[in-house]
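Structure record follows, encoded as C-alpha cells.
The values are calculated or read from the model by the stated rules, or taken from the named source; none is laboratory data. Nothing here was measured: the structure is a model prediction, and the numbers come from that model. No Cβ is skipped: glycine too gets one built from the backbone with ideal geometry, and neighbour counts run over all protein chains shown.
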Amino acid sequence: AQSVTQLGSHVSVSEGALVLLRCNYSSSVPPYLFWYVQYPNQGLQLLLKYTSAATLVKGINGFEAEFKKSETSFHLTKPSAHMSDAAEYFCAADTGGGNKLTFGTGTQLKVEL
Amino acid sequence: GAGVSQSPSNKVTEKGKDVELRCDPISGHTALYWYRQSLGQGLEFLIYFQGNSAPDKSGLPSDRFSAERTGGSVSTLTIQRTQQEDSAVYLCASSLYSSARSTDTQYFGPGTRLTVL
C-alpha cells in the first residue's frame, strides 16, 4: 500500500531563510504527488502537483518541489520564507483507483522574525 | 465561481446522537471525496463518489458511518450513534475526474468540525 512520510512534524525558519519540507513516498510505481497547505480553521489548498510531466514543479506563492525517483522523494522548497507562509503543509500521493489521496502526517511550519 | 462548501461549519453533539454533514461540490465536478482529519490519525480517506455511486467505501471506519450523493451533486455524510472518537474535522473535496488515472486536482472545502461530548 502506498504510504507518505513527512519528516519533521514541526519546522521553524527565520523570515527570509530557505524553507525545506521533506516528503518521501513508498511505491514501486511513481504516483502522482501533491503538496497542500492548510491555514488555521481552513480547508486544504493545493500548492503544486507532480504528474510526471516535469520533475521540477513550480507552485503558488513561490513554492516548488522536485520529484526524485531514485530517492522516492518530493521535497517542498521556497527560497525565502515569509511570515504568511506559517501554516501546516501536507504531502499526498495518488496512485490511481479513484484518485483517493494518501496523506502524510503534516508539517507545521513556523516563521520567526 | 464558488468553491466546495460544507455545512455546518461546527457541530457539537451528545454521544449517541446521529449527525448529518453536508457537502456542496464545485458545479460540474463528478467526483466527490470525504476525508477525516483528527489529532491521532491525521488525514484519512473515508469514501469516494463518482456521480451518485460510491466505488470506494474502504475508509469508512464502521457501519455507523454512511454517505450518499444525490443528483450527482450534494453529498451527506451521516454518523449514527456518535462516539467521542468520532470527534474530528470532516473534509469534503471534489474534482472533475475524467479518467482512471486522472490527475485532476481535488479542491477541498473548509470542513465541518464535529465535537462529540
(Q) Step by step: first the residues of region A:26-45, then only those that are out of contact with any Phe, Trp or Tyr (no Cβ under 6 Å at 6 or more places or on another chain) and outside any loop (DSSP other than H, G, I, E, B), then the one that is nearest to the other protein chains (Cβ to nearest Cβ). Which residue is that? (A) A:TYR32
Q. Counting only residues that are in a loop (DSSP other than H, G, I, E, B), within 13 Å of chain A (Cβ to nearest Cβ) and not β-branched (Val, Ile, Thr), which one in region B:23-41 is surrounded by the fewest Cβ atoms within 10 Å (Cβ to Cβ)?
A. B:GLY40
Q) Checking A:VAL11 against (1) within 22 Å of B:VAL89 (Cα to Cα); (2) in a strand (DSSP E or B), which single condition isn't satisfied? A) (1)
Q) What are the residues in region A:46-59 that are among the β-branched types (Val, Ile, Thr), at pLDDT 85 or above and either part of a loop (DSSP other than H, G, I, E, B) or more than 12 Å from A:LEU76 (Cβ to Cβ) (or both), if any? A) A:THR55
Q. Applying the selection to region A:1-25, what residues are under 24 Å from A:HIS82 (Cβ atoms), crowded, with 17+ Cβ neighbours inside 10 Å and within 11 Å of another protein chain (Cβ to nearest Cβ)?
A. A:GLN6
Q: Output the residue which, of all residues in region A:86-110 that are more than 14 Å from A:LEU46 (Cβ to Cβ) and modelled with pLDDT under 85, is surrounded by the fewest Cβ atoms within 10 Å (Cβ to Cβ).
A: A:GLY97
Q | Which listed residue is among the acidic types (Asp, Glu), within 12 Å of chain A (Cβ to nearest Cβ) and not in a loop (DSSP other than H, G, I, E, B), from B:GLU44, B:GLU20, B:GLU68 | A | B:GLU44
Q. Which residues, taken from region B:67-85, are hydrophobic (A, V, I, L, M, F, W, C) and in contact (Cβ under 8 Å) with a residue 60 or more places away in the chain?
A. B:ILE79
Q: Could you tell me whether region B:91-101 includes any residue that is more than 14 Å from chain A (Cβ to nearest Cβ), within 12 Å of the chain's Cα centre (by Cα) and modelled with pLDDT of 95 or more?
A: no
Q.
Being within 19 Å of A:THR5 (Cβ to Cβ), without any contact (Cβ under 8 Å) to a residue 40 or more places away in the chain, touching a strand residue (DSSP E or B) at 6+ places or on another chain (Cβ under 9 Å) and more than 14 Å from chain B (Cβ to nearest Cβ): is that true of A:GLU66 here?
A. yes
**Q.** Enumeration of residues in region B:63-78 that are surrounded by 14 or more Cβ atoms within 10 Å (Cβ to Cβ) and more than 11 Å from the chain's Cα centre (by Cα)
**A.** B:ARG64, B:GLY72, B:SER73
